[in-house]
Amino acid sequence: MEKRVSLKDIARKVGVSTALVSYVLNNQKENRISKEVAQKIREAAKLLNYRPNHIAKSLKTQKTFTIGLVVADIANAFFSTMARIIEDEAESNGYTVIFASSDEKPGRSEKLTEVLLDRQVDGIIIAPAEGTEAHVRLLHQKGFPLVLIDRYFPTLEISSVAVDNEEAAYRCTAHLVETGCRRIGMIGFKTTLHHLQDRKKGFVNALKDRDITAEKENIKEVSLDASREEVEQALAQLLAGPQPIDALFFASNKLSTFGLIYIHTLKIRVPEDLAICSFDQSDATELFYATLTHVRQPMQEMGRQAVRLLLQGMNNGETVEQVRLPAELVIGQSTQKGSIKQ
């Protein structure tokens with residue numbers, strides 16, 4: 001096995017002290033070192049193929065400069081985009097991110113979190129799965145730096161970043177009413193996750209405030225890991241009968257993706273026969289013939305705030321801050337009658 005190049009090897013080659021090499025390679029006290037000497041040290045390090053000993057560095061600083069990130073599903077467009085934003089933001093602050101997907105399974109989420117702790121990450125950002133409240137509380141009680149993103153538990157005083165889901169769903173539903181729709185349906189999730197319940201609450205309240213009854217049969221809930229067939233069945237029920245819905249609110253981009261694929265196979269004109277609004281969208285929904293009216297979450301700001309809060313907790317101790325950001329309603333063709341030439 002090839003011998004690992006040390007700071008002493010570089011110092012010997014350049015003819016300077018080991019401390020001076022350390023200062024240069026760690027970007028410390030450079031204003032006290034001539035540019036020529038610093039350049040020689042970096043060139044020697046490159047020539048000798050020097051690689052920093054992060055294990056030794058972490059033992060000295062008590063930091064690994066790594067952050068753990070646990071999301072529900074890295075294949076989901078929302079979470080993959082969020083992961084990239086967090087990765088870029090963390091890198092700009094000198095940290096590397098280790099990703100993991102819980103697949104909405106509490107046991108898997110808890111196991112992955114423990115693996116990240118064993119890897120000595122300095123902090124974790126989590127989009128918690130349903131049923132992990134007790135585990136998250138335990139992590140927090142142990143004083144481990146932790147930030148929740150996209151989701152949160154109202155009973156826990158833990159730093160978190162999310163959008164105002166209820167207000168966003170309210171605006172989306174109100175928009176459907178303003179276009180003249182009255183028989184408005186919703187496809188959401190059968191879950192206790194607070195942010196998804198808030199979307200249902202916003203939907204119901206928007207109708208109630210406009211003297212429209214949120215009919216129980218017009219609200220369908222599918223499992224968190226719903227298949228395409230499950231969404232199609234819920235949609236078929238909403239479109240059946242003598243009084244089918246004239247508008248539909250999808251509570252997530254996963255649901256709208258499955259739903260639009262099914263709608264495309266039917267003789268239903270969007271938005272003339274059925275107006276559609278969705279919470280988030282995906283690349284797949286952009287292929288639909290009518291551009292989708294949707295709630296756009298401020299993902300860049302969510303990722304930036306999550307990293308900021310985590311760094312704050314890691315460097316300055318616990319300061320609970322729960323950030324709630326407004327979302328934007330983007331009006332597309334799917335709710336504007338007459339916007340598409342049939």
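Quick note: the coordinates plus some simple rules give every number you see, no bench work behind them. Since this is a predicted model, take the numbers as computed values, not measurements. Note: ideal-geometry Cβ built from the backbone for every residue, glycine included; neighbour counts use all protein chains shown.
Once you reduce segment 283-342 and segment 222-273 to the center of their Cα atoms, the two points are 22 Å from each other. Report, for the chain, the % of DSSP beta bridges that are antiparallel, rounded to 5. Roughly 10 percent of the beta bridges in the chain run antiparallel, per DSSP. Computed from point charges on the beta carbon alone (+1 for Lys and Arg, -1 for Asp and Glu), the dipole magnitude for segment 7-52 about its Cα centre is near 60 Debye. Just to be sure I understand the rule: take each whole DSSP H helix in the chain, project its Cα atoms onto its long axis, keep it if the span is 15 Å or more and its mean Kyte-Doolittle hydropathy is at least 0.0. Which ones pass? Qualifying helices, which must be both long enough and hydrophobic enough, are 77-92, 253-265. A Gaussian network model of the chain, with springs between Cα atoms under 10 Å, assigns the largest mean-square fluctuation among ILE212, ILE149, ILE86 to ILE212.
Have a look at LEU25, LEU325, LEU274 and tell me which one the Gaussian network model of the chain (Cα, springs below 10 Å) gives the largest fluctuation. Of LEU25, LEU325, LEU274, the Gaussian network model singles out LEU25 as fluctuating most. Entry for segment 7-52 at q = 0.25, 0.29, 0.33 Å⁻¹: log10 I(q)/I(0) = -0.83, -1.13, -1.42, Debye formula applied to identical alpha-carbon scatterers, no solvent contribution. Peptides 192-201, 158-167 ranked from most to least packed give 158-167, 192-201, packing being the mean of other C-beta atoms within 10 angstrom over each peptide's residues.
Considering only the Cα atoms of segment 58-136, their convex hull presents on average a projected area of 5.2 nm².
Look at LEU48, LEU239, LEU310 and count the other Cβ atoms within 10 Å of each Cβ; fewest to most, that gives LEU48, LEU239, LEU310. Evaluate the chain: find the radius of gyration of its Cα atoms, find its Kirkwood radius, and give the ratio Rg to Rh. Rounded to two decimals, Rg/Rh equals 1.12. In loop segments of segment 126-159 as defined by DSSP, the trypsin sites (Lys or Arg not before Pro) with at most 13 further C-beta atoms inside 10 Å of their C-beta are LYS142. Sorted on the mean count of surrounding Cβ atoms within 10 Å across their residues, most packed first, peptides 245-251, 107-113 read 245-251, 107-113.
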